[in-house]
């Protein structure tokens, strides 16, 4: 069922990546590689306190021209990310703090130096007068009416309440089994290999502010910078060079970008800021912190009759631009049902303001949290009805026969066979063998467990979904420019940005599929707002569908026109020619794409009289047939060994059965899945930013903030199913985030399976040795124990 | 973060190094592999005006066999020990411990002398060499002296070296051919700092039966006469408690288990 490219270079081909040639040789150019004459370095003085009034900033006189504060930046507007959702409360985040600081790491002052070290020396001499305020560090306490306020004019700490008000009366009455659990996923950092960074300068020839920045969405940053700095958008140019991973961390307009943009115009020389690890960890622990109370009502077979949920999302001190602070809270409501048929559902979610860094959508966004909840609940139901957890899943999964299926919250699942992915996972993980191994026991005393998780991932959802939100950025048609050169090469221009998505390769494969052109002759221009069509950027696993669809559409137009030129010259009809191997082949002769391009550009006297005057350069906009999004899905199966004396967890086997629709490049998808699953293992077992009562982030270096490395990765066994989407070009679906969604759920279920005999059920991530040992110690005494 | 500015010197002999140390007083730090000092400089936790790089001193890379012991120069790297490129007086214990120190990149530069002098409670050599009964030689302008490793570390990041002294070599006694050793450490992930660590030596021919409990909040706990403990492992919990090593239930548990698993390795 997998698409296999006939030529080895089109849709379905495992083409090796074009971008790897420069990356593997260390010839990439990232923001930190950019050197401009006269460039100076910036270090930010950041708030050491989580919540305090800012009474004064004292700068030694001799450093006055090297230090800048809020009051210097006249005319610069605060970051405001509003939504159209009723009841949403708006926050104003000044690029440099004024009045109050609301989280550790908030920017207070900007310091210039010849080098970063010197800029830090300057920062060390600044004396700031703070008056400490009570800190809101716990989102549940922050919701109480007596809580201190992050934003004093709000009256409370709630950005937004979201809800789905279903009726559970019948479900409660009919339930044979009721399971109630409390879940918590803890706050963490995203830790891309390359941090944020920006270089800014004023180009006096073009009268333009130029900002190189490690971003996922250059056009949105341009729009945001223009608004905050009071500039016409034509006077702002944003360039994302090579970017070393984003994952949502770089899908934002940052206060640092605004500060650097202002500073470059103020000083008249280039300025640079490169984020270091300490800044990332202490100032930007900004994702995954959720809390849930869940009650599930099920029949005696484990079929879910209803779900009742109350959830909170710790959204930090400000709404980040453009997604706002309520993105995850609102998502929880609509996606918690997952890939299941849920007949009755009631959910209420609070997006809560706290004295922590503003929440950003980390790979998987709310899906990771809700998958953790839904999957652990399913396993709890399975234990209550004494059935294998996978069987209870099969009881509840949306069947293939129901596709396309609209679920209880109005999500339109486009295509897929969710139960088949699970059955395949059960087979590949050798469930029966594992159960036998568990019965035998391990010679080293460790406990074996097996866990499953199934989920679906909405991607590339567009206008109809986002307009209801009214956030500053609603995606519409995605544009692409395709242009042949006189030499027969193809240039593609997109407004999204490839920073791990391999689009330099995959979009060349799409072009090859349509035009037969060798991917080596296809160049992708992206990242620079000057040269590319407007786009909301790379986020939400949208690019294969949207940029891929736009590129395919643009290439189809080029093909029409090239065909009409070639057919005319070969004296046949356009129906009689086909594109193959860089040639346009007719019944008795052929022409190369290069020859056709030459004629268009250099020998127009030979063109057919009715040739479209647009020629071999096209700009098209594209949307899928329905823009409610594609739904890829997967089942993860994990086998773990838990050391009950130390709480240590080893992953023995990890199977992923994923269905991303038609895969442009299965190797690229596997890379995405491995990377996402690696991050998922981090969330499941290692990564956490704890805060003390004063709102201080406690894991301030990588010695304390544990990132999974090669020694923590199992050998993932990934298998592909390909159920095309009925709505997109080639049936492509978005699949960038899936790997990061299921691991905490599957690993959590595996740990709980291993420890079931000890009466342990963990409901909090990461499942650290400390939590595991505490759970074992606190477990109710067993019979005969 | 970036370090404060500092001057950098690279002397060619121990005498030169001592002179520079004497001149600079408290304002200098000795640099060997830089794997601990580097991050501390970058995080601005230390602010020496001068770094004295001792890796250019040939004497500090020497290894000699004096019959009963092998003497390692202070600048011998963990990687050299891990790889078995140099003699091992401990029947495999030192290479085994070396292989578990941090990451290979760190081991390529990190030195055995540096690890001892830095005196991080979680340092593998502090615990291991205390168990083996090693000694360090320390040189100052007034001459040399020897310090047993189990007396070297005074508290976290503090040793009994005085200002102007340089650790130049480590003398590791050769274990008997029928000696047994055990080493266990618990890390949340491979390469990270240990949360619990224990080293055990059973060498009756040399009259040495020692247990060292490392990765404490400060200096390790040395049980110099551990025969009773090893024969009665049920007393492990009491040993942990009596030595004030149980900060909480989790701490007590991981230390108990680490000590037990190290002792298990020497049992027949």
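The values are calculated or read from the model by the stated rules, or taken from the named source; none is laboratory data. Everything quoted here is computed from the prediction, not taken from an experiment. Glycine gets a Cβ as well: all are built from the backbone with ideal geometry, and neighbour counts include every protein chain shown.
Summed over the range B:120-144, residues that are within 13 Å of residue B:159 (Cβ to Cβ) and surrounded by fewer than 20 Cβ atoms within 10 Å (Cβ to Cβ) total 1. The sole residue among B:25, B:56, B:34 that is at positive phi, more than 14 Å from every other protein chain (Cβ to nearest Cβ) and outside any helix (DSSP H, G or I) is B:34.
Only one of the numbered conditions (1) surrounded by fewer than 24 Cβ atoms within 10 Å (Cβ to Cβ); (2) in a helix (DSSP H, G or I) is not met by residue A:523, and that is (2).
Restricting the search to the range A:753-778, which residues are free of Cβ contacts under 8 Å to residues at least 24 places away in the same chain and within 14 Å of chain B (Cβ to nearest Cβ)?
Within the range A:753-778, A:774, A:775, A:777, A:778 qualify.
Among the candidates A:684, A:742, A:746, A:750, the residue that is modelled with pLDDT of 95 or more, within 14 Å of chain B (Cβ to nearest Cβ) and buried (at least 20 other Cβ atoms within 10 Å of the Cβ) is uniquely A:684. Set side by side, the residues A:28, A:56, A:38 differ, and just one is surrounded by fewer than 19 Cβ atoms within 10 Å (Cβ to Cβ), touching a strand residue (DSSP E or B) at 6+ places or on another chain (Cβ under 9 Å) and in a strand (DSSP E or B), which is A:56. Only residues that are within 14 Å of another protein chain (Cβ to nearest Cβ) and either closer than 14 Å to residue A:68 by Cβ or in a loop (DSSP other than H, G, I, E, B) (or both) were counted in the range A:113-135, giving 7. Remark: residue A:664 matches the filter, which requires a residue to be modelled with pLDDT of 95 or more, part of a loop (DSSP other than H, G, I, E, B) and touching a helix residue (DSSP H, G or I) at 6+ places or on another chain (Cβ under 6 Å). Is it the case that residue A:709 is modelled with pLDDT of 95 or more and either under 19 Å from residue A:280 (Cβ atoms) or more than 14 Å from chain B (Cβ to nearest Cβ) (or both)? Answer is no for this residue.
When residue B:165 is tested against (1) in contact (Cβ under 8 Å) with a residue 12 or more places away in the chain; (2) within 23 Å of residue B:93 (Cα to Cα); (3) away from chain A (no Cβ under 14 Å), exactly one condition is not met: (2).
Entry remark, the range A:632-648: residues being surrounded by 24 or more Cβ atoms within 10 Å (Cβ to Cβ) and within 14 Å of chain B (Cβ to nearest Cβ) number 2 in total.
Name the residue, out of A:394, A:376, that is within 21 Å of residue A:425 (Cα to Cα), in contact (Cβ under 8 Å) with a residue 40 or more places away in the chain and touching a helix residue (DSSP H, G or I) at 6+ places or on another chain (Cβ under 8 Å).
On the way: A:394 fails: in contact (Cβ under 8 Å) with a residue 40 or more places away in the chain.
The conditions single out A:376.
Checking the range A:691-700 against the condition returns a match, with at least one residue being surrounded by fewer than 24 Cβ atoms within 10 Å (Cβ to Cβ) and either within 22 Å of residue A:663 (Cα to Cα) or within 14 Å of chain B (Cβ to nearest Cβ) (or both). All of (1) touching a residue at least 24 places away in the same chain (Cβ under 8 Å); (2) surrounded by fewer than 18 Cβ atoms within 10 Å (Cβ to Cβ); (3) on the phi < 0 side of the Ramachandran plot hold for residue A:581 with one exception: (3). Among the candidates A:651, A:657, the residue that is in a strand (DSSP E or B), within 14 Å of another protein chain (Cβ to nearest Cβ) and in contact (Cβ under 8 Å) with a residue 12 or more places away in the chain is uniquely A:651. Considering only the range A:165-186, I want to know if a residue exists there that is at pLDDT 95 or above, in contact with a helix residue (DSSP H, G or I) (Cβ under 6 Å, 6 or more places away or on another chain), surrounded by 15 or more Cβ atoms within 10 Å (Cβ to Cβ) and assigned to a loop (DSSP other than H, G, I, E, B). No: zero hits. In the range A:252-295, the residue that is modelled with the lowest pLDDT out of those that are assigned to a loop (DSSP other than H, G, I, E, B) and farther than 25 Å from residue A:314 by Cα is A:268.
Restricting attention to the range B:237-268, the residues being surrounded by 14 or more Cβ atoms within 10 Å (Cβ to Cβ) and within 11 Å of another protein chain (Cβ to nearest Cβ) number 11. Regarding the range A:269-283, can at least one residue be identified that is more than 30 Å from residue A:64 (Cα to Cα) and touching a strand residue (DSSP E or B) at 6+ places or on another chain (Cβ under 6 Å)? No, because not a single residue in the range A:269-283 is more than 30 Å from residue A:64 (Cα to Cα) and touching a strand residue (DSSP E or B) at 6+ places or on another chain (Cβ under 6 Å).
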